[in-house]
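> Take a look at the following structure, please.
The values are calculated or read from the model by the stated rules, or taken from the named source; none is laboratory data. Small disclaimer: the values here were computed from a predicted structure and weren't measured. So basically every Cβ, Gly included, is an ideal-geometry build from the backbone, and we count neighbours across all protein chains shown.
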Amino acid sequence: MLLHGNPTWSFVYRDFIPRLVGSGFRVIAPDYLGFGLSDKPSEESVYAIVHHVGRLVALLDHLNVSNAVLFLQDWGGPIGMGAVLARPHLLAGLVLANTFWGEQSDFQKNVPFWRALHAPVGGPLLLGRRGMFVNALKLSAPADMSDAVWDGYTLPFADASSRMGTLAFPRAISTGPNHPTQQLADRILEAMPHWNVPVRLVWGEADAVFPAQEQGAEFIAKLPRATLEHVRHIPGARHFVQEYAATECVQAIVDVAEEAYK
């Protein structure tokens, strides 16, 4: 199961899917509501993380999924691990890639732009009308990304009415104990020591948002079978590590699957 982040969609896994299918695996790569070619409601409340989790659980129940290897990047972490809290039988293994569990990072605490996204006027202006978050994706991608690939990423977010999901995600990052996402983040941290499954980490070393020394180190500390030997650092890779290291990511998924299903 391949879960994307913000402001991407399942297009980010276009190089993963044929390789994994060719290796004999069933692959599920859903788009969250508001992303890809899904519906894009205008009410921010429908994009609460608990609702994203609930919709993913409903999909996986419908597909009768169990014993899955989860590849989690960016918001894939809280949403995928939230689904595991609701359906423990889902989890056979984890591949974590520049992700987190729902709480803001040190970077997000200290950069004024991130704080501005929570403002009632500034957030919608920056992310909705001007689409700055979507356009900033290019800063986290390889310099040689083609125009065709860029067109693929921006296709779902052509106008302001299509960008509510991209606004809701940064505002859903917990900023403290009273934030709506904090309870889920706490539950994930409490549960991780009980997830005795194979784990790999693939981490872009140039990611300022979720650095390996912060989020990566916390995952290694919490997950029983995560060790430093299971971390693949990708030099020069930024937040969307899928674009820099598809081969390494796919190999990590296969390695976890082989260990989980042997």
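> Being more than 21 Å from residue 5 (Cβ to Cβ) and touching a residue at least 60 places away in the same chain (Cβ under 8 Å) is the filter here, so list the residues in the range 241-262 that pass it.
At the first step, the residues of the range 241-262 found to be more than 21 Å from residue 5 (Cβ to Cβ) are 254-255, 257-262.
Once the filter is applied, which keeps residues that are more than 21 Å from residue 5 (Cβ to Cβ) and touching a residue at least 60 places away in the same chain (Cβ under 8 Å), the range 241-262 yields 254, 257, 259, 260, 261.
> I'm told residue 66 meets every condition in (1) out of contact with any strand residue (DSSP E or B) (no Cβ under 9 Å at 6 or more places or on another chain); (2) without any contact (Cβ under 8 Å) to a residue 40 or more places away in the chain; (3) part of a loop (DSSP other than H, G, I, E, B) except one. Can you identify the failing condition by its number?
(1)
> Within the range 187-213, restricting attention to residues that are assigned to a helix (DSSP H, G or I) and aliphatic (A, V, I, L, M), which residue is nearest to residue 105 (Cα to Cα)?
If we filter the range 187-213 for residues that are assigned to a helix (DSSP H, G or I), which is where we start, we get 187-194, 212-213.
Right, trim to aliphatic (A, V, I, L, M) and you get 188-189, 191-192, 212.
On the way: 188: 16, 189: 15, 191: 20, 192: 18, 212: 11 Å.
The selected residue is 212.
> Taking only the range 14-55 into account, find how many residues are among the hydroxyl-bearing types (Ser, Thr, Tyr), within 22 Å of residue 102 (Cα to Cα) and touching a residue at least 40 places away in the same chain (Cβ under 8 Å).
Applying the first criterion (among the hydroxyl-bearing types (Ser, Thr, Tyr)) to the range 14-55 yields 23, 32, 38, 42, 45, 47.
Restricting the remaining residues to those that are within 22 Å of residue 102 (Cα to Cα) gives 32, 45, 47.
Filter again for touching a residue at least 40 places away in the same chain (Cβ under 8 Å), leaving 32, 47.
Residues that pass the stated criteria total 2.
> Still on this structure, I have one more. Residue by residue through the range 207-236, note down the ones that are in contact (Cβ under 8 Å) with a residue 24 or more places away in the chain, under 19 Å from residue 251 (Cβ atoms) and of a type in the set (Val, Ile, Thr).
231, 234, listed by residue number.
> With respect to residue 185, is the statement that it is surrounded by 20 or more Cβ atoms within 10 Å (Cβ to Cβ) and under 21 Å from residue 251 (Cα atoms) true? Even if it seems obvious, please write down each step before you answer.
Numbers: surrounded by 20 or more Cβ atoms within 10 Å (Cβ to Cβ): yes; under 21 Å from residue 251 (Cα atoms): no.
No; evaluated as a whole, the condition is false for this residue.
> Here is a follow-up. Please enumerate the residues belonging to the range 84-112 that are part of a helix (DSSP H, G or I), buried (at least 18 other Cβ atoms within 10 Å of the Cβ) and at pLDDT 95 or above. Full working, then the answer.
Here is the first cut: in the range 84-112, the residues part of a helix (DSSP H, G or I) are 84-86, 88-90, 106-110, 112.
If we keep only those that are buried (at least 18 other Cβ atoms within 10 Å of the Cβ) too, we end up with 84, 90, 108.
Within the range 84-112, 84, 90 meet the criteria.
> I'd like to know if the range 66-80 contains one or more residues that are acidic (Asp, Glu) and at pLDDT below 95.
Taking the range 66-80 as the starting set, the residues that turn out to be acidic (Asp, Glu) are 74.
If we keep only those that are at pLDDT below 95 as well, we get none.
Scanning the range 66-80, I find no residue that is acidic (Asp, Glu) and at pLDDT below 95, so the answer is no.
> Can you tell me which residue is surrounded by the most Cβ atoms within 10 Å (Cβ to Cβ) among those in the range 214-244 that are among the β-branched types (Val, Ile, Thr) and part of a helix (DSSP H, G or I)?
Going through the range 214-244, the residues among the β-branched types (Val, Ile, Thr) turn out to be 220, 227, 231, 234, 241.
Adding the requirement that they be part of a helix (DSSP H, G or I) leaves 220, 241.
Working: 220: 17, 241: 26.
Only one residue tops the list, namely 241.
> State which residue is nearest to residue 73 (Cα to Cα) when the search covers only the range 156-181 and only residues that are surrounded by fewer than 16 Cβ atoms within 10 Å (Cβ to Cβ) and either in contact (Cβ under 8 Å) with a residue 40 or more places away in the chain or touching a Pro at 6+ places or on another chain (Cβ under 8 Å) (or both).
By that ranking, first place goes to 180.
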